[in-house]
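The values are calculated or read from the model by the stated rules, or taken from the named source; none is laboratory data. Treat the numbers as computed from the prediction; the structure is a model and nothing was measured. Neighbour counts run over all protein chains shown; Cβ positions are idealised from the backbone, glycine included. In case anyone asks, the SASA skips ligands and DNA or RNA and just uses the protein heavy atoms, side chains included. Shrake-Rupley method; radii C 1.70, N 1.55, O 1.52, S 1.80 Å.
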Amino acid sequence: MGSATNDNDLPDWLKELGPSGAGEAPAPQPADEGQPDWLSAEPPAAADSGVFGVEPEEEAVPDWLADIRQAEGRAPDEAPPVLVPPSPEPSEESPGWLEPIRTRESGSLPAEDLEAPGDFMDRIQGMKGGEAGEEDASADWLSGLGQPQPPAESGLFGEESGSLAADWLSGLQGGPAREPAAESLDWLQDVGKSIGLGAPDEAQPGAPAWLGDAEDQPPAEAAPPVPDWAAQAAEQAGQAVAEEFPGLPGEPAGTVPSWLADIAPTEGESESATSAADYKEAASEVFKIDTGELPDWLAQISPEDALPAPPEEEAPRPSPFDVAGELAPADLPDWLQAMRPVATVGPTELPEEDRSEAERVGPLAGLAGVLPAEPEIVQFGRPPSMAAGLQLNETQRGYALRLGEMVAAETAQQARPRPPLALPQRFVRAALALILILAVAVPQLLRGKYTSLPQAAGTRPPAEIQAVLDVAAGLTPEDTVLVALDYQPGLAGEVETAAAGVIDHMIIRGARLALFSTLPTGLGQAEHFMATTQRAEHPDYLRGRDYYNLGYLSGGAAGLLQLATDPRAALPVALPDGSSVWSQPALAAIFRLRDFAALLVLTDDPDSARAWVEQVQPSLVDPISGQTTPLLVVASAQAEPLLYPYWQNEPAQINGLVAGLRGGAFYEANIRELRARRYWDAYSAGLTVAVATLLVGAALGLSRNLLVRRRAGGAA
Amino acid sequence: MKFPVRAPVSTLVALGGGWLILLAYIFGLEGLRATILGWVVLVSAAGLLLGVLNLAAVHFGKLRGGARNALYSFLLIVSMFVTFVVTAWLGPEHAAPQWVFDYLLLPVEASLVAVMAVTLTFAAARLLSRRVDLFAILFVAFAILTLMGSGPLLGINLPIVSDLLRPWLAQVLAGAGARGILIGVSLGTITTGLRVLLAADQPYGG
């Protein structure tokens, strides 16, 4: 090799190309792989002569060089003091990008026009690219990109791995000098033929040489030795330089140039071609983590699980210049396929029938494939409706169904099991009614006295009954008693029976009665009471003379209040002769309620009795003397519990209470036997049947319910 | 054009009447109170008459509409008309209106009460077959004890039950409950009266 060794004598642009530019220089690889084609190959063309400074095919010194020598005053065979760039070829044979170099070397360019080495290389690349412009070189490398990339070439995280990434990166480091030139293929073939290696296109036609170099990078151990053809080429170049420049010191033959040795492959690049075992080991080292600091689930994951499959050991790819091997197809990764130029997809991919079918109507009539129809895009008819609901899989749908069932079960009302009836209700009810009717009717028909009254001989009745007895016993023929009949006709049998003894006692005492009612039926109720309870015992006790029917008092509680305030205004009753009832001798002295000897209320409703107590009772108290007109109540048995508190008050708001048939029986037991005595046997029989019915029904119902529960528990 | 005069007029009448009666009690205005109460009694009687006429109109409408139970409406209208005419013509103390009461009204209502007695007895007997809990058992037990103390069973007075147990149940236990009810009613009456007087409640269409 005839390159100069004295760096001080080298021009700047050559220094930049030398070892000083190792940082950006291509990795020192075998000349057929790592170096750019135009640099690594035998430089038969003028493009490479600039680097090696040789002109192998030039037999004589060119004229411009001779002119330079003459200008320097040296002999043509005298060695130049500095490294002289290789003599260019004649302008008609050399590329255009060498012209500036020649110009600069000849000193025709001013110093300020000398660009930096980097710019120089860019310009070289630009000019080479321009020359290679529309040639099929791009198609060649694109065809190489179209080849599928084997997975083994993928890196650990999807990056380009191994030698390939390092190689093309090294190509980038080499800068524009590694760009392929279209015409380089030809002279490269020539170089290969000249050194006996064969043409590169024999290995893979159409593939760019630099890409083949990148894919077929051999292991690191193949880098240091220089291939034979390169050595021969360097030797030939050295001989040519020596012939051209006899005085130049030459490097030892067979050794790698120093600047080329500096860009020897790094350790990382040499490791890019390690085996699969080394790959696994390296991967495990990367993920070697102290498992004591990790959770269990994460510690169970081995690094091999997280890593992609390691590249399988495969035979090293043959070099495109390896005549013995086949040119391996280039593998293109997915991300690179997505970056393919759109120009590769064109109308040529359309179906043949679409392009061949000519338009029949319209402005495109007669043309085919100008605006191809796309039946898959143009849809006729109603577009499909998009489902707006949730897209659920089977598991989610199952969960939703279970949740719905749970909610429905919570809100559903459980039907209560109805216990079966032993006998039809209608039959039992009719039988019970028949028994009760017989029990009540038979004693009435027999008219016997089979049952004694509740008060035994020689005993006193209850206090509330005794109070009524005492008030009635204190009446005189001059006294008038106001009697209110506030009970419904349906309960007339009980209330009238209870009150019959009291009224009888008053009539016996000679008192006169003034009857009225706060119910619309009161008028007929009064006549019915006197006719059914007293007429038989007191046939000469006549209406209009002994007792008066004052009629109906309307207004409810307000009417009672008006009665307490002004009885004459509240009950304005006219006799058949037109005179007022209040003008009768029995009522002539009555102007206020407390002017009555007593007030007797016959009621079946606790509310009615309460209205009497609340509205009328206060007006019965004389504010001057403090004397109270007695308020007596004869009530139904059902009203007794609610009226009893008024009797127990102190002072009592009710001065006597007779409740129910039992109270009437007590009262008659102290006076004489009347209606209570007549009904007492029937009452006793009916009461006995009712108690028996309750006992039997309760026993049967309780036992059956317990039996049903026991069966239900056993079944469960 | 319809003016909303019903609500304010009725509310003012209710408030005025209530406040007048209350002030009459406070200041001892017996004449004013008696006069207003006389109006109330007359209005109540007129209201009862209006109620009877409304009942007749409703059933007359059913009769004209051909309802399924129009026969009962027809009987009601006829009975009402006959009773009203007879009573108004002959007077309430005549034997004819009294016959209606003695032989129609009173037996019908007494029969309803008799049927209710049978129904209550039957329902009480079936209570434990449908529901067995503490209150059902207590209800049946107290009903039996009260009936046993209310009269002689088969002609025999049960001494302890009729003399001690039954009076204690009716006058102490039931009386205690009755007092509670009465106190609650009194408090409710006072509260309701105050709310009506302060127009917080307007139960008269306000």
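Find the accessible area per residue for segment B:1-90; the probe is 1.4 Å, ligands and nucleic acids are left out, and the unit is Å².
75 Å²
With a ≥ b ≥ c the root eigenvalues of the C-alpha gyration tensor of segment A:463-672, is it rounded (a/c under 1.5), prolate (a/b larger than b/c) or oblate? Numbers along the way, then the final one.
Working: a/c = 1.31, a/b = 1.11, b/c = 1.18.
Because its axes are fairly even, with a/c under 1.5, segment A:463-672 counts as rounded.
In debye, nearest 20, what is the charge dipole magnitude of segment B:78-206 about its Cα centre with +1 on Lys and Arg Cβ and -1 on Asp and Glu Cβ, if you could check?
Working: 6 positive and 6 negative charges, 101 e Å.
So the dipole magnitude of segment B:78-206 works out to roughly 480 debye.
Taking a ≥ b ≥ c as the square roots of the eigenvalues of the Cα gyration tensor of segment B:1-90, is the shape rounded (a/c under 1.5), prolate (a/b larger than b/c) or oblate?
On the way: a/c = 4.43, a/b = 1.87, b/c = 2.37.
In terms of gyration-tensor shape, oblate.
State, to one decimal in nm, how far the label point of A:ALA358 lies from the label point of B:ALA117, with both points 7 Å from Cα in the Cβ direction.
My value for the distance between the label points is 11.7 nm.
Counting only residues 5 or more places away or on other chains, whose amide H sits under 5 Å from the amide H of A:TYR548 once H atoms are built in the peptide plane?
So A:TYR548 has HN proximity to A:LEU513, A:ALA514, A:LEU515.
Using 0.36 nm times the number of residues separating A:MET406 and A:GLN425, minus their current alpha carbon distance, what extension gain do you get?
Details: separation 19, 0.36 × 19 = 6.84 nm, distance 3.89 nm.
Result for the pair: 3.0 nm of gain on full extension.
Where does each of B:TRP89, B:TRP19, A:TRP647, A:TRP680 land when they are ordered by accessible area, with a 1.4 Å probe and the largest first? Mind showing how you got there, number by number?
Working: B:TRP89 210, B:TRP19 100, A:TRP647 50, A:TRP680 0 Å².
Descending accessible area places them as B:TRP89, B:TRP19, A:TRP647, A:TRP680.
Rounded to the nearest 100 Å², what is the sum over both chains of accessible area buried where B meets A, with a probe of 1.4 Å? Please report the intermediate quantities before stating the final value.
Values: alone 16120 and 40390 Å², together 51300 Å².
Buried surface at the B/A interface: approximately 5200 Å².
Please state the equivalent ellipsoid semi-axes for segment B:57-206: what are the square roots of 5 times the Cα gyration tensor eigenvalues, largest first, in whole Å? Don't jump to the answer; show the numbers that get you there.
Working: eigenvalues 331, 174, 83 Å².
Here the semi-axes work out to 41, 29, 20 Å.
Only counting protein heavy atoms at a 1.4 Å probe, give the residues of segment A:518-545, ordered by number, whose accessible area falls by 40 Å² or more when the other protein chains are present relative to the chain alone.
Residues of segment A:518-545 that lose at least 40 Å² of accessible area once the other chains are added: A:LEU523, A:HIS528, A:ARG543.
Evaluate the charge dipole of segment A:463-672 about its Cα centre and quote only its size in Debye, nearest 20, assuming +1 on the Cβ of each Lys and Arg and -1 on the Cβ of each Asp and Glu.
Working: 11 positive and 23 negative charges, 65 e Å.
For segment A:463-672, the charge dipole is close to 320 debye.
Report which residues of segment A:654-684 become buried by 30 Å² or more of accessible surface when going from the isolated chain to the complete set of protein chains (1.4 Å probe; DNA, RNA and ligands ignored).
Residues of segment A:654-684 that lose at least 30 Å² of accessible area once the other chains are added: A:ARG662, A:SER684.
For B:GLU109 and B:VAL172, calculate 0.36 nm times their separation in residues minus their Cα-Cα distance, and state this gained length in nm to one decimal. Before the final figure, lay out the partial values.
On the way: separation 63, 0.36 × 63 = 22.68 nm, distance 3.19 nm.
Additional length available on full extension: 19.5 nm.
When only C-alpha pairs under 8 Å and at least 6 residues apart count, what is the relative contact order of chain B, in percent? It would help to have the intermediate numbers written out before the result.
On the way: 89 pairs, mean separation 56.4, N = 206.
Once normalised by length, the contact order is 27 percent.
Karplus couplings for segment B:77-90 from phi (6.51 cos²θ - 1.76 cosθ + 1.60, θ = phi - 60°), rounded to Hz, Gly and Pro as x?
Values per residue, Gly and Pro as x: 5, 5, 4, 5, 5, 5, 4, 5, 5, 5, 5, 5, 7, 9 Hz.
Counting only trypsin sites (Lys or Arg not before Pro) that sit in a DSSP loop (anything but H, G, I, E, B) with at most 12 other Cβ atoms within 10 Å, what is the longest stretch of chain B containing none of them?
Result, exposed sites excluded: B:69-206.
Which percent of the accessible area of segment A:463-672 is formed by carbon and sulfur heavy atoms (probe 1.4 angstrom)?
On the way: 3590 of 6920 Å².
Taking all protein chains in place, segment A:463-672 shows 52 percent carbon and sulfur surface.
Does any residue of segment B:88-109 lose at least 50 Å² of accessible area with all protein chains in place compared with its chain alone, and if so which ones (probe 1.4 Å)?
Residues passing the criterion (a loss of at least 50 Å², heavy atoms only) are B:GLU93, B:GLN98, B:PHE101, B:LEU106, B:GLU109.
When only Cα pairs under 8 Å and 6 or more residues apart are kept, what is the percent relative contact order across segment A:463-672? Display every interim value, and only then the final one.
Numbers: 390 pairs, mean separation 59.2, N = 210.
Rounded, it is 28 percent for segment A:463-672.
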